[in-house]
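Here the structure comes first, spelled out in structure tokens, and everything after it is commentary.
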């Protein structure tokens, strides 16, 4: 039996089972949901293991739910009505941690939207971070930054060329654990199946050719603020001349991709400024893993090294992926900041108590790092005294090999040193 690679979500799942009657582990296909859920489950059933099982689960849910607890029901969205059966069963039983539901898509009609409060906890599982794939030295933790503990590290972690390979390969367990796997073929197939199979299983009807065009448009604009109109124009999602329908049509296509956990927004940060400078509210868009953007762009490691502009945007998306994984363990959310003066900060992790950490992402270079540090300090100076006091750290994340804190108080940390 293959050795299980521990994931940060393991702790979240364990904690959630102690506090809720059922836990839903959601995420894209092939991210490791079933394998991870099985580590916490006492019994399990896969609804995709037989073509007859989904129908049986809908007619005889009590049989499906029988077994030692926590009981894992894998790919539960194939029999959406089982949601209510599980909800009622949780109400009938005492205690916590009865069921784990895993799925790669939000069910048609989203029957979960208005029920399950207080009974269910949702967990989004992403591909592996660099720390989970053992490509980070783990020399600097987010916990250390939160606690304002000193740190320094030198060496280790990926080289620039290795980052190009990591971006193209992604954090998919099947590719991380098998160095002989062909990443480009795997991910080309993934994108093809996404359009033909995954989206077809939802109630969203989309044109496959135009959806593929939208995916390519998103890939070209990854890590950027991009309007729905621009995406519609680049993807030709609607017929020319339809004007006002552009926004609604592109939004429907994006919703379809979000429902299968392929893309997600990075919302704009809402905070309190000293002046009346207006903050931008446009989100940035990222794929759940930068490898999907690379595959849509047909980018190889060699091509990325030769195109540093694209490389930089995809490296930022890689950093956002890892920051989200690490932040979720500390119940933090990842935002971005931009205002009308043009000041922007790539990532803000904000915690429930209002404390926050600002991040700029730069591959390297003294000039780029200095500019990033200046942007971070400008942001802090723009905030009200109360919000500035809640800042835990200002960090420039790099592809370099040195992690330390500068004389101006800004930390420079290698992404290849970072962990939760």
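Could you work out how far helix 208-220 tilts from the main Cα principal axis of the chain, as a 0 to 90 degree angle to the nearest 10?
Value to nearest ten degrees: 30.
Distance between the C-alpha centers of segment 268-345 and segment 390-420? Whole Å please.
Centre-to-centre distance over Cα atoms comes out at 17 Å.
What base-10 log of the normalised intensity I(q)/I(0) is obtained for segment 285-336 from the Debye formula, alpha carbons as equal point scatterers, at q = 0.12, 0.13, 0.32 Å⁻¹?
Debye curve over Cα of segment 285-336, log10 I(q)/I(0) at q = 0.12, 0.13, 0.32 Å⁻¹: -0.30, -0.35, -1.24.
Once you've got the GNM for the chain with C-alpha springs shorter than 10 Å, pick whichever of 90, 140, 334 has the biggest mean-square fluctuation.
90
Note down the nm distance, to one decimal, between modelled labels 7 Å out along Cα→Cβ at residue 148 and at residue 11.
2.2 nm
What distance in nm lies between label points placed 7 Å from Cα along the C-beta direction at residue 88 and residue 189?
Using points 7 Å along Cα→Cβ, the separation is 4.1 nm.
Rounding to the nearest 10 and keeping the result within 0 to 90°, find how far the Cα-based axis of helix 308-329 lies from the longest principal axis of the chain.
Roughly 60 degrees between the two axes.
Could you tell me what percent of the DSSP beta bridges with both partners in segment 140-419 are antiparallel, to the nearest 5? Mind dumping the intermediate values first?
Values: 21 of 34 bridges.
Bridges in segment 140-419 are about 60 percent antiparallel.
Could you work out the helix-only [θ] at 222 nm for the chain, with each DSSP H run of four or more residues adding -39,500 (n - 2.57) and the total divided by the number of residues, to the nearest 500 deg cm²/dmol? Please list the in-between numbers first.
Numbers: 17 runs with 165 residues, N = 420.
Taken over the chain, the calculation gives -11500 deg cm²/dmol.
Could you put 99, 351, 287, 120 in order, starting from the residue whose Cβ has the fewest other Cβ atoms within 10 Å?
Details: 99 28, 351 16, 287 25, 120 20.
By the 10 Å Cβ count, ascending, the order reads 351, 120, 287, 99.
For residue 389 and residue 330, calculate 0.36 nm times their separation in residues minus their Cα-Cα distance, and state this gained length in nm to one decimal. Please list the in-between numbers first.
Numbers: separation 59, 0.36 × 59 = 21.24 nm, distance 1.97 nm.
Extra length from residue 389 to residue 330 when fully extended: 19.3 nm.
May I ask for the angle, rounded to the nearest 10°, between helix 160-169 and the longest principal axis of the chain, with both axes built from Cα atoms and the value confined to 0 to 90°?
20 degrees
Contour minus end-to-end for residue 205 and residue 309, with contour as 0.36 nm per residue of separation and end-to-end as the Cα-Cα distance? Could the numbers behind the result be given before it?
Details: separation 104, 0.36 × 104 = 37.44 nm, distance 3.46 nm.
That pair, residue 205 and residue 309, stretches by 34.0 nm at full extension.
Which of rounded, prolate, oblate describes segment 296-414, given a ≥ b ≥ c as roots of the alpha-carbon gyration tensor eigenvalues and a/c under 1.5 marking rounded, otherwise prolate only if a/b is larger than b/c? Mind showing how you got there, number by number?
Values: a/c = 1.83, a/b = 1.52, b/c = 1.21.
Here segment 296-414 falls in the prolate category.
Calculate the spin-label point distance for residue 407 paired with residue 368, positioning each point 7 Å from the Cα along the beta-carbon direction, and give it in nanometres.
Placing both labels 7 Å along Cα→Cβ, they lie 2.5 nm apart.
Rounded to the nearest 0.05, what FRET efficiency do residue 55 and residue 352 have when you use their Cβ-Cβ distance and R0 = 41 Å? Show your work: numbers first, answer last.
Values: r = 42 Å, r/R0 = 1.03.
Rounded to the nearest 0.05, the efficiency is 0.45.
So what does log10 I(q)/I(0) come out to for the chain at q = 0.07, 0.11, 0.12 Å⁻¹, using the Debye formula with one equal point on every Cα and no solvent?
Debye intensities relative to I(0), on a log10 scale: -0.35, -0.89, -1.05.
Out of 247, 93, 387, any idea which swings most in a Gaussian network model of the chain, alpha carbons joined below 10 Å?
Maximum among the listed residues: 93.
For segment 14-83, list log₁₀ I(q)/I(0) at each q in 0.15 Å⁻¹, using the Debye formula over Cα point scatterers of equal strength and ignoring solvent, two decimals each.
So the normalised log intensities are -0.48.
If the chain between residue 174 and residue 197 were fully stretched, how many nm would it gain, using 0.36 nm times the residue separation less the Cα-Cα distance?
Values: separation 23, 0.36 × 23 = 8.28 nm, distance 1.95 nm.
Going from the current span to full extension adds 6.3 nm.
Just so you know, all these numbers are worked out from the coordinates, no wet-lab data involved. The shown structure was predicted, so the numbers you read here are calculated from the model rather than taken from an experiment. Glycine gets a Cβ as well: all are built from the backbone with ideal geometry, and neighbour counts include every protein chain shown.
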